[in-house]
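Please treat every number below as a calculation from the coordinates, not as lab data. The model shown is predicted, which means the values in this text are computed figures rather than measured ones. Cβ coordinates were reconstructed from backbone atoms using ideal geometry, including for glycine residues, and neighbour counts include every protein chain displayed.
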Amino acid sequence: MENPRFENSKDDPPLYEETSFCEKVFSRAVRSSAVSAFGHLTLDRVPNADFYRNAASISGHRAVRPSLQELHDVFQKNGGLDIPDALEEGETPEISTLGDVESVAPLEEKDAGGVVKFGWIKGVLVRCMLNIWGVMLFIRLSWVFGQAGIGLGIVVVLLSMVVTSVTCLSMSAICTNGVVRGGGAYYLISRSLGPEFGGSIGLIFAFANAVAVAMYVVGFAETVVELLKDSNTLIVDPVNDIRIIGCITVVLLMGITAQVALLVILLIAIANVFVGTVIPATQDKRSKGFFNYHESIAKENFIPDFRDGETFFSVFAIFFPAATGILAGANISGDLKDPQGALPKGTLLAIFITGITYLGIALVVSVTVVRDATGNRNDTVQAGVNCNFSSACDFGYDFSTCQTSRCNYGLMNNFQVMTLVSGFGPLITAGTFSATLSSALASLVSAPKVFQALCKDNIYTGLRFFAKGHGKNNEPIRGYVLTFVIAVAFILIAELNTIAPIISNFFLASYALINFSCFHASYAKSPGWRPAYKYYNMWLSLFGALLCCAVMFVINWWAALLTYGIEFFLYIYVTVKKPDVNWGSSTQAVTFINAVNNALTLSGVDDHIKNFRPKCLVLSGSPRTRPALLDLAHSLTKNYGLCLTCEVFLGPRESCLQDMSEAAQHNQFWLHNQKCKAFYTPVSSHTLREGASGLGKMKPNTVMLGFKRDWRLTKPWEVQSYVGILHDAFDFEYGTVIMRINQGMDISHILKAEEEMERMLMERQALEMEVQDFQAGPKGLFHWVKKPSKKEPTSKASDLAKMNQRLVEASGQFKKKQGKGTIDVWWLFDDGGLTLLLPQILTTRKKWRECKLRIFIAGQPERIQQDKVDWKLFEDMIEPFRLHEGSKETSQAEALRREHPWKITDAELRDFEQKESSRAAKLVVVSLPIARKGSVSDHLYMAWLDALTKNLPPTLLIRGNHQSVLTIYS
């Protein structure tokens, strides 16, 4: 019989389609079990794309699968489990997402409908073509081929296409590796290489697009001013006219959306050029160098003829900005229906079409127009005169005067050659307007979108203001205003010759990082790198990155240096600020690969005395509870060795799993915030001894723990476990360090009390807010007046801190800089040198730099009696000069001090004795005695250590593993 619930189950085999992000789910279904696709009740869920969404996905709600523990323990619990199908609004998932949650607009900010999405033609192809077809197409392309010739001119165009095509292949691979959101180049680079690279290039790229608006608008304004000059109708003067027309133009562009109309005008203008080349040239056009198609003109123009100091690279530098603009579609990736499919297809097709167009127009112009022409109809070949200046002589024109004086026409001299060649000149003017305005419009749309995506990620906290969007499409209105201000500021300069190379370099820097991102992701071999677009190669991407860098220096070396300088500064800024984001970048993957490779390399290297480094296993419990022990261990290992903090959870492993998982995440995060270079490792065991000895696989060479001050009051088995750890350390041949501070080190009870006080304070504040919600005002029905508390919870915390002031001060004494003093080392037994090495490492630290080492080595037995005799002689020598005020009353002692101020007081003698006995030292290091197993009882050994360290400054008992860690050889 068919299961009646099967058809209605939400766990049917899923259709992997993106749902419209304008749909809004206000509730979720909760059930204890579900009918799967296999037709029976189960808590397991079949694969579904919704399980893999981010917590605030804009294309659908994220579903929550049952955790492994829920499935594994289901039969041990009473009743069914309530597993939600999806996250409700504002709800946070309880399961780990491995840091995959990204900054997106909150659900409440999403509009319910009316969002406009673009396809690959209008969203990518048209935008890229409009941006690539710039003013260069009509007013500089003929000059480029006139200088470089047809041969090298083709090389210039093809080289530009190679740079953009390789970049497009890399971009396509990155785009098809996952869902692409808004942000264009910034999004691609930041999610691949991390926030450091993405944040630096994102700000540069957004600024470059904003300035590019001004550059294109000024190009448009210059063309308009030339027309005004011809009709003698200037408004003020050429410079101010450019400013006026430019400002008016950028205001009008803010409301223009007719990109298709601009494209149509461009296409008509381009077709007009091809049509004009087959129309027979008039006498006027012939005098200006246009002779239709002729083989002799093609042969003459094939070879280069560089003039006015131009070279191949300088000509390439002038042309290359015409090939930029391939990211126009990627910059609005958030507004595309299918970015993964649209960006590769649309961008590659745009590069191909525009490249063929550049080559086609350049070739038809180069085989129809000579390099130099006078424009004088009377400059014809005279009878009997030998004319060999150019191929124009074959057509009856002698332009030899161009050898001695500058001519105004021809490929080399006239920037309006396209107008000359075309069938209808005004169409070329319209095409020039369309090209400049379309490029300006594309940049005007791109800059705010990229900037908004950058601000949403909150990498630069001061720019968060510009993250807010408005309307159905979440339009960055604030970003548009900022872009408008930047564009107008540069338009007012009215001269961008020095700024244009910087803009080109900014674009090239973006291209270089996109290529490098693809290479880096492929090199990292992360399982998460699996692009659907397969037509890429990691080494080709690396070649593209290097090529972009080379082109940057070819275009303008100082602009390239400036670009890299700005990028490096922003990279350092973001690295220092460390934004709280985790995007699973390839940088993280390479870090892991390098760590594994280095560990494998290190495993094949034999240990040497000179390379010994302390690798401390610190039995600190939770790192927060014994800060003094952790601080000193960190001082010993920072940049020198390895510090592993260990906490042993007593009890069965099954009951400790959740506590261990929470502690691992919380304490490692705490260590990171404290800038402590250490690792936290939780283990579970029935006894402290078993848990500690089980960490030998971590390869430490030194065990560090605190002295058990309550050994006389605690249970016997606890003392046995503590001493057993020391025995195990000796058995494993670990170095052993025991730290004792007379005031104690464990502040866990203080931390718990403070946490309890904070919890009570938060509960009280929440209660007060609830009561205030019911308050109707002074004249209302309900009027609640807050009565001041006689004693705030915070005062209790402060009282508790005062009670434990000595303990708190002692626990934090190693955080601050130690003043001038000594570190006294009592090296009583030769243990391989660890007792001497660790304090020497301390003296290299900034906190301990002012402390001097004093090393005491046990004398020879026959000198003990002689030392006693010498001390008796010393006492006899100073006896006549002693005051002996300690045996007298206070008034008599004061009188003796005033009468004999030069005599030695008892306090001075005690200070001298303390200096000799290390009581005034900042730190005391003593060789740790070893208790022979089976011969010395645990309590006797503890009494021995207690008596050895009692009433001393902070003390370290150290015993090496009797293998040399010091050498006398270089």
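Here are some notes:
- When every Cα-Cα distance of the range 120-577 is counted in 20 angstrom steps from zero, the calculated P(r) takes the values 25, 54, 19, 2, 0 percent.
- For the pair residue 296 and residue 846, label points projected 7 Å from Cα toward Cβ lie 8.1 nm apart.
- For residue 704, residues with placed amide H under 5 Å, excluding near neighbours: 617, 618, 619, 737
- Listed pairs 117/449; 820/950; 610/675; 577/815; 675/816; 615/820 exceeding 21 Å between Cα atoms: 820/950; 610/675; 577/815; 615/820
- Linear extension gain, residue 44 paired with residue 606, 0.36 nm per residue minus alpha-carbon span: 197.3 nm
- Equivalent ellipsoid of the range 576-636: semi-axes from √(5λ) of the C-alpha gyration tensor, largest first, are 26, 25, 10 Å.
- Note that the range 582-597 has calculated 3J(HN,Hα) couplings of 9, 10, x, 6, 5, 4, 5, 5, 5, 4, 5, 4, 5, 5, 5, 5 Hz, one per residue in order, obtained from phi through the Karplus relation 6.51 cos²θ - 1.76 cosθ + 1.60 (θ = phi - 60°); glycine and proline are x.
- Vicinal HN-Hα couplings computed from phi for the range 728-736 (Karplus, 6.51 cos²θ - 1.76 cosθ + 1.60; Hz; Gly/Pro x): 5, 4, 5, 5, 7, 6, 8, x, 10
- Computed from backbone phi with θ = phi - 60° and the Karplus coefficients 6.51, -1.76 and 1.60, the 3J(HN,Hα) list for the range 440-446 is 5, 5, 4, 5, 5, 7, 5 Hz; x is used for glycine and proline.
- Amide H to amide H distances under 5 Å link residue 854 with 823, 824, 825, where only residues 5 or more positions off or on other chains count and H is placed in the peptide plane.
- Our compactness index for the range 125-249, the C-alpha radius of gyration over the empirical 2.2 N^0.38 Å, is 1.40.
- Length gained when the stretch residue 875-residue 769 is fully extended (0.36 nm per residue, less Cα-Cα span): 30.7 nm
- In this structure, residue 228 and residue 950 have a Cβ-Cβ separation that, at R0 = 60 Å, corresponds to a calculated FRET efficiency of about 0.05.
- Alpha-carbon Debye profile of the range 240-328, log10 I(q)/I(0) at 0.13, 0.18, 0.25 Å⁻¹: -0.90, -1.17, -1.18
- Cα pair distances of the range 346-462 binned at 10 Å [whole percent]: 11, 26, 24, 16, 12, 7, 4, 1, 0
- The peptide list 322-328, 472-478, put in order of mean Cβ contacts within 10 Å with the highest first, becomes 322-328, 472-478.
- Short-range pairs are left out: with C-alpha atoms under 8 Å and at least six residues apart, the relative contact order of the range 120-577 is 34 percent.
- Here the peptides 297-307, 541-551 are ranked by packing, the mean other Cβ count within 10 Å, and the order with the highest first is 541-551, 297-307.
- Long-range HN-HN contacts of residue 642 with modeled amide H, under 5 Å: 615, 616
- Gain upon complete extension [residue 477, residue 761; 0.36 nm per residue less C-alpha separation]: 98.1 nm
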